[in-house]
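Here, each number is a calculation from the coordinates, and none is a lab measurement. This one's a predicted model, so the numbers in the text were calculated from it and none came from an experiment. Neighbour counts are summed over all protein chains in view; Cβ atoms, including those assigned to glycine, are modelled from backbone coordinates with ideal geometry.
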Amino acid sequence: MENWIIDIMDQFGYIGILFLIAVENIFPPIPSEVILTFGGAMTAETSMTVTGVVAVSTAGSIIGAVILYGLGMLLGKERIEKIVKRYGHILRVTVEDVEKADNWFHKYGLWTIFFCRFVPLIRSLISIPAGMARINFVTFLLLTTIGTFIWNVVLVSIGAMLGDSWESIVHYMDYYSNVVYVLLVILFLAFVIWYVRKKFIKVEK
């Protein structure tokens, strides 16, 4: 898949990046880390600039997020899960992934839209429960834009700095993903413990 991504970006430049990032949001298994870091590396050898790559990748992210938001709003949870059950093996997305995004959204509210833009896989799927909950579109768009802009700036800048060694960051992103998942589990457990203790104290009183 990486070779296919690189070929498209080599041939079509900015348009290729916009297309790939938009598809990546709808089809999470396409690694944004590869697209963004290679896009940054290309700025050292082509006429493309870091600003331009960040701009088109952010636009692509917004397009993909809006499509998923619209699907969530139009189809609802049950239909989304039916689609995932039927075609999830192609999309490499499970019902559990959708439920996880939905649970996080309902537990942590609007800011989940922003913070989940830094969490692999969930960064795309979080748009679906936002649409199902019919969150104000302008608010959704604002939080999505800010979150994806920061993510894109960081990875594109790293790619530009690394140049030909851009692939090394993809390896480290695996560690980043694992650390993020562990931190989220810890935060979730801390929340459960806090909630249980709070309820227990109320019962004692």
Can you run phi through the Karplus equation (6.51, -1.76, 1.60; θ = phi - 60°) for segment 37-45 and list ³J(HN,Hα) in whole Hz, with x for Gly and Pro?
5, 5, x, x, 5, 5, 5, 7, 10
Given the peptides 151-157, 133-139, 48-54, 75-81, arrange them by the average over their residues of other C-beta atoms within 10 Å, most packed first.
151-157, 48-54, 75-81, 133-139
